[in-house]
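Colleague: Pasting in a structure now, in structure tokens, and then I'll have a few things to ask.
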Amino acid sequence: MSDFRERVTDIFREVFDKPALELFDEMQAKDVEGWDSLTHITLIMALEESFGVKFTTREVMGFQNVGEMLVCLRGKLPTV
Amino acid sequence: MPSSDPRYLLLVALVSATLPLVPAGPLRLRVCLAVGYAFYALLGLPSLLVLAYISIVSYAGGLWLDDCPQGGKRRLTLCVCALLLPLLTAKYAKSVVYLLGMDSRIAADVILPVGLSFYTFQALGYVIDVYVGRVRSERRLDRVLAFLAFFPQLSAGPIERASHLMPQFERLGVFEESRVRAGIRLILWGLVLKVVVADSLAPLVALIYSNPYGYGPSDIALATLYFSVQVYADFAGYSAIAIGSAKLLGVDLVPNFAQPYLSESLTEFWRRWHMSLSGWFRDYVFTPLHFAWRSWGAAGVVAALVTTFTLIGMWHGSTWQYALFGLWHGALIALGTVTAKTRAHWRRRLGLGGRIGGAARIVLTFTVVTLTFVLFRARDVHGALAMYSALATQPWHLPRLPWHWPLGLAMLVLAGDLVAESGYRFTLLPRPVRWCAYHAATIAILAALFGRFIAGAPYVQYYIYNRF
């Protein structure tokens with residue numbers, strides 16, 4: 001697993017309080033117990049804080065699964 | 001024409017029987033679209049024009065928004081305003097004219113087309129989804145027209161999403177025995193809820209609520225309890241008939257109710273009550289508001305919740321009672337949200353997390369919801385306040401309203417919900433038992449209709465949610 005994905009997985013695990021949670025690209029809110037509209041924003045905020053980025057409303061409303069979220073997040077990070 | 005009208009059921013039977021005979025593809029979709037427009041034309045030309053306007057704005061707006069992958073906020077704002085214009089005019093023009101002290105004749109002719117708030121929200125969802133990239137804009141006009149004029153859900157939802165309904169158009173008129181059977185069962189259960197339960201309770205509720213100062217607390221409490229059952233049976237009955245009718249045409253609509261009165265909290269109640277509307281507000285109002293106010297911490301959550309639920313209340317009507325109804329729910333849900341961890345902690349410490357604690361929370365949630373329904377059902381805020389005051393201050397005597405058969409109907413609804421909640425499938429019952437239930441349901445529906453016919457009462461009544 002890449003560092004990026006590992007870091008994101010850790011954030012997911014912490015937000016949803018599920019130490020064994022494994023991410024997959026097609027994963028949606030219905031696949032994770034406790035992922036509701038409130039924790040969704042908590043997750044977004046945790047990602048923003050951890051990676052030092054800002055999402056837009058349009059992006060947040062457009063995410064249909066974890067894969068799309070990760071692509072958007074990676075696109076905001078400086079390329080090495 | 002409400003869907004409990006035998007003529008509607010005849011139309012569904014006719015369309016579902018003839019649609020498979022039409023060649024699959026665009027022609028079948030257009031036949032379904034023509035039925036939708038013919039059905040809606042019964043309401044009159046102005047309503048039909050409004051539906052056509054909303055559909056064309058959605059179609060053109062979708063293409064326009066898809067044309068600008070970056071930015072496009074102004075375009076979205078313009079589309080949203082254009083889509084909301086008929087709804088805001090129809091719902092709030094009379095109130096605005098009244099509040100501004102203008103001549104009431106200005107807005108006297110404004111009508112609220114049946115289903116306008118439902119298909120407007122469906123259209124808004126579509127253009128917003130195109131804007132945020134959840135769906136691509138639809139190039140074919142007939143598909144957008146059919147999306148907003150699918151006749152089983154045209155008059156009161158469920159509010160569909162383009163990503164869910166449009167792909168199913170390929171399946172229109174495709175006969176699948178299991179889906180057809182499920183559809184007929186849903187229609188039958190929906191008719192029991194509407195014709196037998198809701199329409200039987202309606203006169204008792206109307207009697208008390210038409211004279212809020214004339215009855216004591218026991219009658220008010222009983223009528224309010226009956227209204228909780230009536231409004232649920234009315235709308236869940238409508239939804240079951242709509243979802244069942246769609247199944248006969250080969251389409252699965254989104255569920256609208258999931259045993260809401262078995263909820264352990266108000267938050268859970270709104271996840272189970274009018275789910276297509278609450279889900280719409282969650283995705284298109286609450287989430288962007290909460291996201292925009294995320295730096296405010298708990299205050300942001302509270303502000304987003306209270307705003308969202310007040311808007312949900314106002315969606316029902318332009319009078320203060322609906323705004324207060326929404327505000328009340330929003331405030332309690334906000335309180336529940338900010339105290340969730342503390343309450344869970346104390347629940348664990350006091351050992352209230354078990355079945356008895358759960359049952360107590362269900363009763364408490366139902367009681368709170370029922371109390372808020374006084375505002376929802378009353379003629380106005382003054383009427384509601386008079387009833388709350390009577391409940392709190394006047395002495396309780398035996399009620400004048402009948403209680404044995406209405407409570408029997410309430411038990412029937414509760415039994416249906418408990419079975420559904422347990423996950424037990426009706427189809428697992430032995431065949432003779434199932435057929436006994438079908439016959440009993442049919443006899444009950446016909447008896448209720450015949451009873452009203454004999455009594456000279458209207459045998460078919462419009463749904464409560466038709467006026468929203």
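The values are calculated or read from the model by the stated rules, or taken from the named source; none is laboratory data. Predicted model only: the values in this text are computed from it and were never measured. Methodologically, a virtual Cβ is constructed for each residue, glycine included, from the backbone with ideal geometry; neighbour enumeration extends over all protein chains shown. Heads up: the accessible areas ignore ligands, DNA and RNA and are worked out on the full protein's heavy atoms, side chains in. Shrake-Rupley method; radii C 1.70, N 1.55, O 1.52, S 1.80 Å.
Colleague: Given the conditions (1) at pLDDT 95 or above; (2) more than 13 Å from the chain's Cα centre (by Cα); (3) open to solvent by 20 Å² or more (accessible area, probe 1.4 Å), report the number of the one that B:VAL254 does not fulfil.
Modeller: Here B:VAL254 clears every test but (2).
Colleague: Same structure again: Among the residues of the stretch B:207-225, is there at least one that is more than 22 Å from the chain's Cα centre (by Cα), within 14 Å of chain A (Cβ to nearest Cβ) and open to solvent by less than 30 Å² (accessible area, probe 1.4 Å)?
Modeller: no
Colleague: How about the stretch B:163-178: which of its residues are open to solvent by less than 20 Å² (accessible area, probe 1.4 Å), within 16 Å of B:ASP129 (Cβ to Cβ) and either part of a loop (DSSP other than H, G, I, E, B) or without any contact (Cβ under 8 Å) to a residue 40 or more places away in the chain (or both)?
Modeller: Once the filter is applied, which keeps residues that are open to solvent by less than 20 Å² (accessible area, probe 1.4 Å), within 16 Å of B:ASP129 (Cβ to Cβ) and either part of a loop (DSSP other than H, G, I, E, B) or without any contact (Cβ under 8 Å) to a residue 40 or more places away in the chain (or both), the stretch B:163-178 yields only B:MET166.
Colleague: May I ask you to verify whether B:THR342 is more than 11 Å from chain A (Cβ to nearest Cβ), more than 27 Å from B:ASP380 (Cα to Cα), of a type outside the set (Lys, Arg) and in a helix (DSSP H, G or I)? Working first, answer last.
Modeller: Working: more than 11 Å from chain A (Cβ to nearest Cβ): yes; more than 27 Å from B:ASP380 (Cα to Cα): yes; of a type outside the set (Lys, Arg): yes; in a helix (DSSP H, G or I): yes.
Considered against the rule, which asks whether it is more than 11 Å from chain A (Cβ to nearest Cβ), more than 27 Å from B:ASP380 (Cα to Cα), of a type outside the set (Lys, Arg) and in a helix (DSSP H, G or I), B:THR342 comes out as yes.
Colleague: Yes or no: the stretch B:101-109 includes at least one residue that is open to solvent by less than 80 Å² (accessible area, probe 1.4 Å), under 20 Å from B:LEU311 (Cα atoms), modelled with pLDDT under 85 and out of contact with any Gly (no Cβ under 6 Å at 6 or more places or on another chain). Steps first, please.
Modeller: From the stretch B:101-109, those open to solvent by less than 80 Å² (accessible area, probe 1.4 Å) are B:101, B:103, B:107-108; that's our starting set.
So of that shortlist, the ones also under 20 Å from B:LEU311 (Cα atoms) come out as none.
No; the residues of the stretch B:101-109 include none that is open to solvent by less than 80 Å² (accessible area, probe 1.4 Å), under 20 Å from B:LEU311 (Cα atoms), modelled with pLDDT under 85 and out of contact with any Gly (no Cβ under 6 Å at 6 or more places or on another chain).
Colleague: Another question, if that's okay. Test each condition in (1) within 14 Å of another protein chain (Cβ to nearest Cβ); (2) within 20 Å of B:TYR322 (Cβ to Cβ) for B:LEU84 and report the one that comes out false.
Modeller: (1)
A quick yes/no check of all residues on (1) in contact (Cβ under 8 Å) with a residue 24 or more places away in the chain; (2) within 14 Å of another protein chain (Cβ to nearest Cβ); (3) crowded, with 19+ Cβ neighbours inside 10 Å:
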position: B:ILE128; (1), (2), (3): yes, yes, yes
position: B:LEU141; (1), (2), (3): yes, no, no
position: B:VAL144; (1), (2), (3): yes, no, yes
position: B:PHE150; (1), (2), (3): yes, no, yes
position: B:LEU154; (1), (2), (3): yes, no, yes
position: B:VAL180; (1), (2), (3): yes, no, no
position: B:LEU186; (1), (2), (3): yes, no, yes
position: B:VAL195; (1), (2), (3): yes, no, yes
position: B:GLN230; (1), (2), (3): yes, no, yes
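Colleague: Which helices (runs of 4 or more DSSP H) sit wholly inside the stretch B:250-316 and have at least 2 residues that are more than 11 Å from chain A (Cβ to nearest Cβ), among the polar types (S, T, N, Q) and in contact with a Lys or Arg (Cβ under 6 Å, 6 or more places away or on another chain)? Outline the logic, then answer.
Modeller: Details: elements: B:266-272, B:275-281, B:287-292, B:298-316.
Where helices (runs of 4 or more DSSP H) fall fully within the stretch B:250-316, none carries at least 2 residues being more than 11 Å from chain A (Cβ to nearest Cβ), among the polar types (S, T, N, Q) and in contact with a Lys or Arg (Cβ under 6 Å, 6 or more places away or on another chain).
Colleague: Moving on. Do we find a residue being open to solvent by less than 60 Å² (accessible area, probe 1.4 Å) and over 26 Å from B:ARG272 (Cα atoms) anywhere in the stretch B:356-369?
Modeller: No, the stretch B:356-369 has no match at all.
Colleague: Only one of B:PRO406, B:PRO395, B:PRO458 is closer than 15 Å to B:ALA198 by Cβ and part of a loop (DSSP other than H, G, I, E, B); which?
Modeller: Numbers: B:PRO406 fails: part of a loop (DSSP other than H, G, I, E, B); B:PRO395 fails: closer than 15 Å to B:ALA198 by Cβ.
Exactly one residue qualifies, and that residue is B:PRO458.
Colleague: Which ones in the stretch B:52-97 are outside any helix (DSSP H, G or I) and open to solvent by 30 Å² or more (accessible area, probe 1.4 Å)?
Modeller: Of everything in the stretch B:52-97, those that are outside any helix (DSSP H, G or I) and open to solvent by 30 Å² or more (accessible area, probe 1.4 Å) turn out to be B:ASP67, B:PRO69, B:GLN70, B:GLY71.
Colleague: Next question, about the same structure. Return yes when B:TYR232 is in a helix (DSSP H, G or I) and within 26 Å of B:ALA386 (Cβ to Cβ) and no when it is not.
Modeller: On the way: in a helix (DSSP H, G or I): yes; within 26 Å of B:ALA386 (Cβ to Cβ): yes.
In short, yes.
Colleague: Next question, about the same structure. Filter the stretch B:98-126 down to residues that are assigned to a helix (DSSP H, G or I), within 20 Å of B:GLY36 (Cα to Cα) and among the hydrophobic types (A, V, I, L, M, F, W, C) and give me whichever is farthest from the other protein chains (Cβ to nearest Cβ).
Modeller: B:LEU116
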